[in-house]
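Everything below concerns the one structure shown next.
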Amino acid sequence: MLRQYELVERVLDYDPNADEAALNRAYVYTVQKHGTQTRASGDPYFSHPVEVAGLMTDLQLDQETIMTALLHDTVEDTLATIEDIEANFGPEVARLVDGVTKLSKIEAMPEDERAAENLRKFLLAMSEDIRVLLVKLADRLHNMRTLHFIKKPEKRQRIARETMDIYAPLAERVGMYEYMREMQALAFEQLEPEAFATINDRLAKLRSQDGGQVDAIALAIKQALAEAGLTVEVSGREKHPYSIWRKMAERHVSFEQVTDIMAFRVVCESDADCYKAMGVLHTTWQFLPGRFKDYISTPKTNGYRSLHTSLMYENSMRVEVQIRTRTMHQTNEFGLAAHWAYKQGDRPDGQVSWLRDLIEIVDASHDAEELLEHTRLAIYQDRIFAFTPKGALFQLPKGSTPVDFAFAVHTDLGAQSVGAKINGRHMPLRTPLENGDVVEIIKGKKAEPQLNWLGFVVTGKARAAIRRAVRLKERDEVAEIGRKLFDEIATKVPARIGKKAVRDASKRLGLDGEPELMYAIGAAKLSDREVMEALVPGCTADIDDDEDWSKRDHTISIRGLTAGVGFKLAECCHPVPGDRIVGLRKKGVGVEVHAIDCLALASGIDSDWLDLSWGKQSQGALGRMRVTIYDRPGTLAEMAGIFAQNLSNVKSLEQVQNDAPFASYEIDLEVQDLAHLTRILSALRASDAVAQAERA
Ligand code: MN
């Protein structure tokens, strides 16, 4: 732990005008207030605020920030009040401490509400003064460094998750890359201990194989640049397990396939030297096109400036190189904090515009959940990572289910899914996956994607594949109906119908073989008569049309209309003879005939209503019904059989819903009259295949 005089000397080093006495008072105050409190590590509690203050001196922050760091937990965890702080250290320090305290209080609230609320106050406090954020980030970083002392695994998990989801991205947004990297590294170790251990192992193995690679490459880079007359500093490092893991996830590759596990930094003396160094490197080694980024001429919004490139070292190893000046380097690693140093009162407002965007969302949303959704979207890539049992990694949008996962692995696997194990446990296919889940898909023998999966899948790939498969399946079912109808038609022709006759018939009809013929019959694209003619040409000449009412011209007449006025049966309610009807005058149509309970009538004007009735012997109209059947093989065909038995022709059939184990269809049917339609509905309701049948 930093001693009192060490801390004060550090501040005086970079700010000789700092108020030494005030710093000393703050140090003594925190030691006294925290008294005998201890941390999970067994250390005295005050070691924590002192370490946080130390982190702030690394960033050369002003004395108010250092004092705030020292005092940041006194109001929350001791008897001290904000009034005490103000009386002892002035209004500015009191305001900053209050900001940090508010954030800490929120951490103690229950889960969901807390997370959102936390973020909101956090952001508001930040927008007021960026120094509150800096202290908060340092506080979180020190807590992460000492996380392993906490005994309860759930608590460690929660803190690590929050760090990964909220604090590391915030550190990134304000350009605190050092903080971001360390937070991610520590959180990753906690959240994915196995992945962490595996990657660490592999790295250790690599190091033992060709020890000193990092140093050798750094030296080679330095020599190449020296030969070109450039004085530079070169440092190299292995990437942290977390960034390797993220690369594996982003590129869907295994550890062996991650080729760029080393990164190098070249620090030059001037902007011009940066570009010159880049040129030298690009001529010495092969560079990867498309990986070159010039953040010197166009800095990132958080102020980050550097040149980035990737080189092929000895033809097989990809190494990342960042080239920058020393000043850029300072700014890059500590972002806004670097700007803050020495420049009290000169706030870099332009660089916190992303914060302003967030604040606007915060102000606009009242619902904590909604807020969290928005802010997370803004600060965190809304992705999850899931593994196959063999360890292949897939990146999916948040909310993805095992079905999305299966389709992401392979279209066939998706189609064959019947169940899933998540982390070894059987779970429903609609379960949203979480980061790091291991997903095992249980395959059925047949590919049978379900229509109701569309209700929960989130990826476009799964959605498209399911739609395609369901369409094909529907086609098969319609063909199955056609086959049944065909068998009946075949009994009516004066010949035995074999395979050849069927082939010839489909040829005559211009169809491509038996399946197409059956589909055309099932989909009511052909009348019985057309099929019979195709099977045995000329055979329908003697058939008495009267036997089948549907072959006669429909004879609908309407009473109550002025002679000569045209009419049309409305398509919203599909009235059939026997229904109580009224007419609506419509421009260009004449009169539109509606069933009296049709909703469309509600919008008509009374004077336009015509009281109508059906003419004698009117028969033949389209009735619309909605039928819900049990969704299993053969039920659709049974329904079609009922229509056929009742000499009713299906004009259109459309699946409107699929809620396993039911499927609902909307069907337009040619019927003689209301009695006919009612008879058909009764027959449907009597069938085992049908759950419900109503007029639509
Ligand atoms: Mn703290």
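Numbers at a glance
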item: Cα gyration tensor shape of region 157-224, rounded if a/c is under 1.5, else prolate or oblate by comparing a/b with b/c; result: oblate
item: Radius 12 Å from Cβ of ALA520, net charge of other residues (Lys, Arg +1; Asp, Glu -1); result: -1
item: Qualifying trypsin sites (Lys or Arg not before Pro) in region 585-665, DSSP loop, other Cβ atoms within 10 Å at most 16; result: LYS587, LYS616
item: Karplus-derived HN-Hα couplings along region 162-172 (A = 6.51, B = -1.76, C = 1.60, θ = phi - 60°), whole Hz, x at Gly and Pro; result: 4, 5, 5, 7, 10, 7, 4, x, 5, 4, 5
item: Derived scalar couplings ³J(HN,Hα) [region 563-577; Karplus, 6.51 cos²θ - 1.76 cosθ + 1.60; whole Hz; x for Gly, Pro]; result: 3, x, 7, x, 9, 8, 6, 5, 8, 7, 10, 6, x, 10, x
item: Total formal charge among the other residues, if their Cβ is under 14 angstrom from that of GLY460, Lys/Arg +1 and Asp/Glu -1; result: +3
item: Sites matching GluC sites (Glu not before Pro) across region 223-308 that sit in DSSP coil, with at most 14 neighbouring C-beta atoms within 10 Å; result: GLU269
item: Distant-in-sequence amide H partners of ILE558 (H built 1.01 Å from N, under 5 Å); result: GLY615
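No value in this document is a laboratory result; all are computed from the given coordinates. All of these numbers come straight from a predicted model, not from anything done at the bench. Ideal geometry is used to build each Cβ from the backbone, glycine not excepted, and the neighbour counts take in all protein chains shown.
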